[in-house]
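A.B. asks: Sharing a structure with you now.
The values are calculated or read from the model by the stated rules, or taken from the named source; none is laboratory data. Not measured: the values here are computed from a predicted model. All Cβ positions, glycine included, derive from the backbone under ideal geometry; neighbour counts span all protein chains shown. Note: areas computed on protein heavy atoms with side chains; ligands, DNA, RNA excluded. Shrake-Rupley method; radii C 1.70, N 1.55, O 1.52, S 1.80 Å.
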Amino acid sequence: MEGKKIDLNNKTIVVMYMLYFGDMVSITPFLEVLRREAKGSKIVLVIDSRFKESVQYNPNVDELIEVDRHGKDRSLSACWKIGKKIRQMHPDILITLHGTSRTSLMALAMKPGFWTGEPGTRMDSLFMDYPVTIETYNSHAVDKYLRVLSLLGVENLTHHGMRTYTCEEWDCKADEFFAGEGIKEGAKLVGLSVGSSTPEKNWPAENFGKVAEHFARRGMIPVFFGVKSELPLIKKAVQEVKHPYVIAAGKLSMGEFMAAASHCSLFFTNDSGPMYVADSRGVPTIAMFGPSNAKFHHPLGKYSRAISSWDMPMGPEHVNKNIKSGNYVPLDKITVEEVIAAGEEALRNAGC
């Protein structure tokens, strides 16, 4: 696709991206590069209100606009009103990183000076200044968003990887939680997140428990993170753990979890938001993949690693389509021994 160089400096730039927890982490390199290359500009990020804490303290964002997609802002009229509110900021540039009918309506209401990004409807090409195909299925999620900036004329795409940012309050809450669980300062923790957005993306919970027990025997304390709905999975996992462990699931806010993840020396997870968070906090992360493609979504950390149940080819296969068709190798084909070996290697390489 031929690029279209535009001046990003001294502008009001609105970025719309209303996806999920992990997705918000995956766009942090995009935000870092945009901030560096758009000198003097105000960067406004439109997000799903449920995942505000994932970017609340990101220094590369000047203002957040929350959209309650499943509540008060669900209707088309509500989306139009939000677009009109943004219009009062006089946006010079609008970038839609994930196009939907909702983003199209909001874009039409805000009337940006220049509208680029992914179209949300077939009609958008009539109104957009520069439609871009973002989902190319030939690069990592981080790189596909950076490609948008490249098409707009940005040449320096260097970045520091995925990053999440916390605050003193969240850091203190994490410290208080661990202290309340009897974990002493300096203890080595191994984090585990046994759930994901869909059961087919989950490595067997009992396997997580066996991995936790292995590292508990070498002196680490397993900490099971997640949300309350994942407690049944965690219950299966801890049946395999004979040493002391901690269950953090449902006890921490999103921001507090991000702070708590930093305490871990190693992290095991499925392809999920917690995978991106642990990796973004500099924790060696071992992630299991099956119906989703590790080539597009693997953690980026120096000591992190993705383990896939099969060598999925590059191509337009989407995780939901793979699940529906059954065209994938189930995650239970990944062995406990393989995952333990990857964790041991990560600890050695990280000097832990």
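A.B. asks: Semi-axes of the equivalent ellipsoid for segment 1-154, please: Cα gyration tensor eigenvalues, times 5, square-rooted, ordered largest first, whole Å.
C.D. replies: 21, 18, 16
A.B. asks: So how do Met220, Met89, Met123 rank on accessible area, 1.4 Å probe, biggest first, that is with the largest at the start?
C.D. replies: Met123, Met89, Met220
A.B. asks: Quick one: go through segment 1-43 and flag any residue whose amide nitrogen is under 12 Å from the point 7 Å out along the Cα-to-Cβ line of Asn156.
C.D. replies: The answer is 33-39, whose backbone nitrogens lie closer than 12 Å to the label point.
A.B. asks: Taking a quarter of the surface of the convex hull around the Cα atoms of the chain, what do you get in nm²?
C.D. replies: 17.8 nm²
A.B. asks: Distance between Cα centroids, segment 202-255 to segment 90-110: provide it in whole Å.
C.D. replies: Taking the Cα centre of each part, segment 202-255 and segment 90-110 sit 41 Å apart.
A.B. asks: Give the whole-number value, in cubic angstrom per residue, of the convex hull volume spanned by the C-alpha atoms of segment 147-284.
C.D. replies: Value for segment 147-284: 128 Å³ per residue.
A.B. asks: Quick check on packing: order 58-66, 211-219 by the mean number of other C-beta atoms within 10 Å, highest mean leading.
C.D. replies: Top of the packing list down: 211-219, 58-66.
A.B. asks: Give Lys11/Lys111; Lys228/Lys321; Lys210/Lys242; Lys228/Lys324; Lys144/Lys324; Lys228/Lys295 a once-over and call out the pairs whose C-alpha atoms are over 19 Å from each other.
C.D. replies: Going by Cα-Cα distance, Lys228/Lys321; Lys228/Lys324; Lys144/Lys324; Lys228/Lys295 fall outside the 19 Å limit.
A.B. asks: Let me ask something else about it. How large is the charge dipole for segment 191-313, taken about the Cα centre, if only the Cβ atoms of Lys, Arg (+1) and Asp, Glu (-1) carry charge, to the nearest 20 debye?
C.D. replies: Its charge dipole is roughly 260 debye.
A.B. asks: OK, next. Measure off, as a whole percent, the carbon and sulfur share of the 1.4 Å-probe accessible area of segment 144-274, all protein chains present.
C.D. replies: 49 percent
A.B. asks: Grab the Cα-Cα distance for Lys81 and Lys5, subtract it from 0.36 nm times how many residues apart they are, and report the gain in nm with one decimal.
C.D. replies: 24.3 nm
A.B. asks: Lys235: accessible area at probe 1.4 Å, nearest 10 Å²?
C.D. replies: 140 Å²
A.B. asks: Right, next: Just the accessible area per residue of the chain, please: how many Å² with a 1.4 Å probe?
C.D. replies: Ligands and nucleic acids excluded, the result is 45 Å² per residue.
A.B. asks: Right, here's the next one. So what is the calculated 222 nm ellipticity per residue for the chain, using -39500 (n - 2.57) for each DSSP H run with n of 4 or more, over all residues, to the nearest 500 deg cm²/dmol?
C.D. replies: Result for the chain: -10500 deg cm²/dmol, rounded to the nearest 500.
A.B. asks: Using a 1.4 angstrom probe and counting only protein chains, how large is the accessible area of Lys210 in Å², to 10?
C.D. replies: Roll a 1.4 Å probe over it and Lys210 shows about 90 Å².
A.B. asks: I would also like to ask the following. Over the alpha-carbon set of segment 76-129, work out the extent along each principal axis and list the three values in angstrom, largest first.
C.D. replies: That works out to 25, 23, 18 Å along the principal axes.
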